[in-house]
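Taking it in order: structure first as structure tokens, then the write-up.
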Amino acid sequence: MSQASPSNPYVVGQLWACQGRHQDEQPTLLINRIDQHPLGGGNIYHVTLDGLKVRHPGVPGGLMTELPHAPVTDQTLQRSQLRLLGQQAPDPAYLKGYGQWREAFDAGNAGSFGVSVATILEIIERQLNGTPLDQP
């Protein structure tokens with residue numbers, strides 16, 4: 001595993017606690033892979049988010065508790081009030097989503113999130129439930 005440095009404190013295998021959208025949601029973020037943006041746009045972190053409470057009508061119980069793959073930038077990590085919990089092996093469940101993302105990214109049809117984890121969860125929940133982003 002690579003070492004964190006003053007220029008980049010984030011490395012593969014770090015598990016972070018981050019701020020959720022409400023008291024009952026206490027997500028964790030696991031860094032599975034770090035890519036360099038091919039056009040010099042910085043790092044793209046491929047993370048697994050766990051400990052979620054995202055309303056999702058298509059799953060048993062109506063709540064999604066894990067997002068195996070999300071591509072995020074340094075800005076997401078800086079905006080999510082991270083607290084390091086420790087190190088662990090990357091979650092292989094991210095690979096399927098990463099492969100789909102990589103194909104779309106290489107074709108110019110995908111990007112990465114630069115907003116906080118809480119905002120990412122809100123965006124995903126609204127999309128899953130058909131709620132426009134501009135409605136409260």
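FYI, it's all coordinate maths here, none of it is from the lab. Just so it is clear, the model here is predicted, and its values are computed rather than measured. Glycine gets a Cβ as well: all are built from the backbone with ideal geometry, and neighbour counts include every protein chain shown.
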- Could you work out the per residue convex hull volume over the alpha carbons of the range 32-105, in cubic angstrom? 123
- Query: Near Gly51, within a Cβ-to-Cβ distance under 11 Å, what is the net charge of the other residues, with Lys and Arg +1 and Asp and Glu -1?
  - Reply: -3
- Taking the highest mean first, how do the peptides 56-63, 17-24 order by number of other beta carbon atoms within 10 angstrom per residue? 17-24, 56-63
- List the extent of the Cα atoms of the chain along each of their three principal axes, largest first, rounded to whole Å. 39, 36, 27
- Message: Run the numbers for Thr65 and Ala89: contour at 0.36 nm per residue of separation, minus the present Cα-Cα distance, in nm.
- Response: 6.7 nm
- Once phi for every residue in the range 88-104 is put through the Karplus expression 6.51 cos²θ - 1.76 cosθ + 1.60 (θ = phi - 60°), the whole-Hz ³J(HN,Hα) values, with Gly and Pro written as x, are 7, 5, x, 8, x, 5, 6, 4, 4, x, 4, x, 5, 4, 4, 4, 5
- Item | Cut-off 14 Å between beta-carbons: net charge of the residues surrounding Leu63, Lys and Arg +1, Asp and Glu -1 | -2
